[in-house]
Amino acid sequence: MVRVRFAPSPTGYLHIGAARSALFNWLYAQKTGGKFLLRVEDTDLQRSTEESTRSIIEGLHWLGLNYDEDLVFQSANADKHRAAAFKLVDEGKAYRDFTPKAERDDATVKQGIAERARAQAAEGIDHRSNLFRDLSKEESDARAAAGESFAVRLKIPREGKTQFEDIVYGPQERNYSEIEDLVLLRSDGHPLYNLSVVIDDIEMGITHVIRGQDHLTNTHKQILLYQALGALIPHFAHLPLILAPNKGKLSKRKHGEVVSLTTYRDRGFVPEAFRNFLALLGWAPEDGKEVLTVAELVEKFSLEHVHRSPAVFNFHENDPRHWTDEKALWMNAEYIRTMPIDQLIPLVKAELRANKLWREEYDDEDREWFAKALELIRERFFTLKDFSNQGRAYFSDDFDFDEAAINKNLRKNPNLKELLPRLADQLEQIETFTHDTAEAALRRFADESGVKAGLLINGSRTMLTGQAVGPSMFEVFAILGKKRSVERLRSGVPWFDVMNALGDV
């Protein structure tokens with residue numbers, strides 16, 4: 001059975017690149033009838049937090065990526081990692097390195113190893129010449145027993161190369177001469193990343209490792225560990241990186257909240273829409289279809305069709321209207337516009353409740369009205385936040401007026417100050433208040449007043465909704481009803497505010 005895992009570090013919010021990796025692992029497990037496992041790699045005790053772990057789990061749940069079996073914490077397996085390292089020492093496949101810590105610099109031991117090895121190889125230096133590499137086991141044991149500090153390193157063969165077939169990038173190989181004897185344990189006994197990952201993947205029975213392209217270098221090292229441990233080597237698939245608009249790496253430190261999954265949840269994205277968008281960052285179905293249900297994603301997904309070139313996440317840091325990738329916003333709008341209304345209702349309910357706009361009647365006697373209102377206004381909305389912002393006037397009499405709408409639809413014609421209350425008088429006389437009767441009354445009044453109907457339509461829109469654009473004005477009249485329509489046309493509050501601003505009153 002296929003067994004894949006998502007293994008994030010709980011050192012901050014869930015990065016969208018990590019979320020994309022989780023999604024691809026989940027899709028592959030679903031496609032193959034396998035298991036999707038979650039392992040929290042919390043061995044960096046100074047940076048790992050419970051809050052980050054909770055954020056990761058909540059993010060996966062929001063995306064609908066439920067994991068199988070028990071959650072694994074890597075820190076709980078540290079004793080197993082150490083035991084594996086010492087077993088390799090006993091077998092002569094690893095050795096204790098008694099190099100003084102000041103020279104070894106354990107704090108940065110993972111940095112620069114590959115670069116240093118390549119430089120030494122180019123200069124003809126044998127970096128296997130560590131004084132302790134071939135120390136006899138007896139002397140090594142004696143020095144350790146005497147309390148001398150040591151790290152543990154894997155013995156990398158002097159000649160040969162690692163080779164594997166990456167499902168995405170094809171054949172990969174690397175000369176042993178480019179790999180320094182791999183540090184497995186620091187002098188304080190702390191297991192390092194490559195050892196911990198390999199031992200945990202063996203323990204969890206992982207058959208396919210699907211992760212970012214930036215791990216390609218680690219894979220060669222980890223294969224050496226699998227071989228030394230006599231374990232079956234899993235299949236590897238490395239995913240293209242997600243780049244920022246300037247083609248640099250998309251990072252938490254530099255780009256902030258725009259790369260956090262929780263940002264999209266909190267800013268009104270539909271989880272199914274964002275999941276769909278993530279799937280298309282570095283992969284596309286053969287038929288080119290973009291809006292895909294989860295069943296379609298599972299059916300069409302394949303690692304072989306993951307792109308080799310990086311995906312670009314387009315956004316404009318200093319433009320609030322384009323704060324994230326426009327395709328993500330477009331995708332979200334498509335879902336809001338087309339999803340079954342019964343699926344949209346609970347999402348909007350949560351949004352309205354969070355903004356104190358929800359009324360319990362919307363669940364009971366006004367449920368039909370509520371559904372009709374959502375059908376009417378969702379066409380132009382991009383996020384769920386739009387229902388409580390641009391759509392606020394449909395659910396509350398306390399709503400803001402867009403300044404641009406006032407300028408466009410009220411300020412240009414001072415006569416509207418008198419025309420709109422008079423229009424309210426005409427609408428109030430309608431016995432059966434509908435789209436058609438409201439339209440007939442407005443157009444008749446426009447003719448009688450010698451003005452274009454569009455002037456009254458646009459003025460009414462701003463008075464009733466606070467906006468410059470929206471659904472058919474006569475549909476708005478119908479959904480708001482006669483009482484609210486008449487009251488808002490008569491109130492004149494935004495109109496008088498405008499006049500005050502102009503100095504006319």
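The values are calculated or read from the model by the stated rules, or taken from the named source; none is laboratory data. The model shown is predicted, which means the values in this text are computed figures rather than measured ones. A quick note on method: Cβ atoms are made from the backbone with ideal geometry, for glycine too, and the neighbour counts reach across all protein chains shown. SASA here: full protein model, heavy atoms, side chains in, ligands and nucleic acids out. Shrake-Rupley method; radii C 1.70, N 1.55, O 1.52, S 1.80 Å.
You can think of it this way: the chain between Glu326 and Ala76 has 85.8 nm of extra reach, that is 0.36 nm per residue less the Cα-Cα gap.
Of the solvent-accessible surface of the range 408-486, computed with a 1.4 Å probe and all protein chains present, 47% belongs to carbon and sulfur.
Once the C-beta distance of Glu173 and Leu241 is scaled by a Förster radius of 25 Å, the resulting FRET efficiency is 0.75 to the nearest 0.05. Summary value for the range 142-181: 37 percent relative contact order, contacts being C-alpha pairs under 8 angstrom separated by 6+ residues. Against the empirical 2.2 N^0.38 Å (N residues), the range 1-48 has a Cα radius of gyration ratio of 1.26.
Using a 1.4 Å probe, what is the accessible area per residue for the chain, in Å²?
Result: 48 Å² per residue.
Surface composition of the range 266-386: carbon and sulfur make up 47 percent of the accessible area, probe 1.4 Å. Each Cα pair under 8 Å and six or more residues apart adds its sequence gap; the mean of these over the residue count of the chain is a relative contact order of 12 percent. Provide the FRET efficiency to the nearest 0.05 for the Thr11-Ala231 pair, computing r from the beta carbons and using R0 = 35 Å. That pair, Thr11 with Ala231, gives E of 0.80. Here the ratio of the Cα radius of gyration of the range 257-359 to 2.2 N^0.38 Å is 1.19.
The range 272-302 and the range 389-432 have Cα centres lying 43 Å from one another. Taking the DSSP bridge list for the chain and keeping only pairs wholly inside it, about 55 percent are antiparallel. In this structure His305 has an accessible area near 80 Å², from a 1.4 Å probe over the protein heavy atoms. Over the Cα atoms of the range 188-325, each weighted equally, I'd like the Debye log10 I(q)/I(0) at q = 0.19, 0.20, 0.22 Å⁻¹, rounded to two decimals. Taking Cα atoms of the range 188-325 as identical point scatterers yields -1.20, -1.24, -1.31. Quick one, which of (i) 23.4; (ii) 27.3; (iii) 24.0 is the actual Kirkwood radius over Cα pairs in Å calculated for this model? Read-out taken from this structure: (ii). Quick one: Debye curve from the C-alpha atoms of the range 373-505, no solvent, what's log10 I(q)/I(0) at q = 0.14 Å⁻¹? Debye intensities relative to I(0), on a log10 scale: -0.58.
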